[in-house]
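Presented below is the structure to which this report refers.
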Amino acid sequence: MRPAVLLTILGMAVATYLTRAPLLLALSERPLRPRLRLWLRLVPLAVLPALAIPMVLLPGGRPLLTPANPQLWGALVVLGLTAARQNLLLSVAAGVAVVAILRQFGF
Amino acid sequence: MFVYATVWGGLARQAGLSLGEIALMCLVVTAGASQFVAVPMIAAGAPPLAVIVTTYVVNMRHYLMAATLAPAFRGFPRGWLALVAHGVNDESFALTTARRDPAGPWFFIGSVVAVYGSFIVGALVGAVVGGLVRDPSRYGLDFAFPAVFLALVAVQLRGRGDWVVAGGAGLLALGIAWHLPGNWHIVIAGLAASGVGALVMRPESP
């Protein structure tokens, strides 16, 4: 096991435990304030596109904002199918297939 | 759940994580979305602190679940509760709160055991199979990471405000990543867009 990866995993474990344990152990009957609840619901909705969009449009750190970017079409397929209430894994598989096929044709 | 874990295990193996690293992460982190997030960062050689902070932010939603579950665990020994806390996860939470009766602690614990087991076994099966595939980018498998993230967001978007927050975060992150090296665009754009959204949008009544 690589030391840096071991350190990363253990740090992830501590960080994650800190999101799970405190409020469960507090055993409070009082629900969280509505605006705090709203924020906690929005955080993953903001973090996930913040991750995904640069991965799709800046592959390897270089901008690729053209129709010749296979990942752009894969992303549109995933979003379209998921929005149409398709199964999540099915949408991902379809997006991956689109990217693989476009790459086969040299994009 | 099992399939989701298998996909993660396969992708993690292809991204260069060893079987031991994969098993350890499943045992001690046990949070699917953040593990999907961490794998490409680790593969790209991101500094541990960047991965850890990003993991924390991705998993902040657990606060919401823990606070909702807490009243059902009154009278539990605190030592046990500290152990149960590690099992707080999206699937068990959804199953427990979907029942008409108030969230039962034993129902929750049972589902945690089931989810935990299938997650680890699934990931290891995926890791072994994933180790057999050569040249993953030929099959578009590197794209599976952003694809999972986009699908996870798309199923959670409820109203127009959600779309604006998600789209704004994506564009902000794109702008930051364009000009700044490293991985901090994820945390910065994620916190900024969700923070503005929480200040501007109308909170639902609990």
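A few comments on the model shown:
- As a summary of the residue check, B:Gly45 satisfies the conditions (1) within 13 Å of chain A (Cβ to nearest Cβ); (2) under 28 Å from A:Arg2 (Cβ atoms); (3) assigned to a helix (DSSP H, G or I) except for the one numbered (3).
- Top-ranked residue in the stretch A:59-74 [being assigned to a helix (DSSP H, G or I) and more than 20 Å from B:Val153 (Cβ to Cβ); ranked as farthest from the other protein chains (Cβ to nearest Cβ)]: A:Gly60
- Just one of the listed residues (B:Pro146, B:Pro203, B:Pro181, B:Pro136) is surrounded by fewer than 16 Cβ atoms within 10 Å (Cβ to Cβ) and touching a Gly at 6+ places or on another chain (Cβ under 9 Å), namely B:Pro181.
- Restricting attention to the stretch A:1-16, the residues that are within 12 Å of B:Val28 (Cβ to Cβ) and crowded, with 20+ Cβ neighbours inside 10 Å total 6.
- Residue count for the stretch B:70-90 under the criterion of being facing chain A (nearest Cβ under 10 Å) and either in contact with a Pro (Cβ under 7 Å, 6 or more places away or on another chain) or hydrophobic (A, V, I, L, M, F, W, C) (or both): the result is 10.
- All conditions in (1) under 19 Å from A:Leu48 (Cβ atoms); (2) within 7 Å of another protein chain (Cβ to nearest Cβ); (3) not small (Gly, Ala, Ser) hold for B:Phe93, with the sole exception of (2).
- Candidates A:Ala4, A:Ala46: the one that is among the small types (Gly, Ala, Ser), facing chain B (nearest Cβ under 7 Å) and farther than 15 Å from B:Gln156 by Cα is A:Ala4.
- Some residue of the stretch B:41-52 being of a type outside the set (Ser, Thr, Tyr) and farther than 26 Å from B:Gly130 by Cβ: yes
- When residues of the stretch A:31-45 are limited to those that are touching a helix residue (DSSP H, G or I) at 6+ places or on another chain (Cβ under 9 Å) and of a type in the set (D, E, K, R), the one nearest to B:Leu199 (Cα to Cα): A:Arg35
- Cross-chain or 6+ apart pairs with Cβ under 7 Å, the stretch B:153-181 first and touching a residue at least 40 places away in the same chain (Cβ under 8 Å) and at the interface with chain A (Cβ under 8 Å from one of its Cβ atoms), then hydrophobic (A, V, I, L, M, F, W, C) and in a helix (DSSP H, G or I): none
- Residue check for B:Val112: crowded, with 19+ Cβ neighbours inside 10 Å, farther than 20 Å from A:Leu90 by Cα and assigned by TED's automatic domain parsing to the domain that holds B:Val84: yes
- Restricting the stretch A:17-38 to residues that are more than 7 Å from chain B (Cβ to nearest Cβ) and in a loop (DSSP other than H, G, I, E, B) leaves a set whose member that is surrounded by the most Cβ atoms within 10 Å (Cβ to Cβ) is A:Arg33.
- Answer from A:Val56, A:Val99, A:Val77 - the residue that is more than 8 Å from chain B (Cβ to nearest Cβ) and either free of Cβ contacts under 8 Å to residues at least 40 places away in the same chain or not in a helix (DSSP H, G or I) (or both): A:Val77
- The residue list B:Gln14, B:Gln35 contains one member that is of a type outside the set (Gly, Ala, Ser) and within 9 Å of another protein chain (Cβ to nearest Cβ), which is B:Gln35.
The values are calculated or read from the model by the stated rules, or taken from the named source; none is laboratory data. Values in this document were obtained by computation on a predicted structure and should not be read as measured data. Cβ atoms come from the backbone with ideal geometry, glycine included; neighbour counts cover every protein chain shown.
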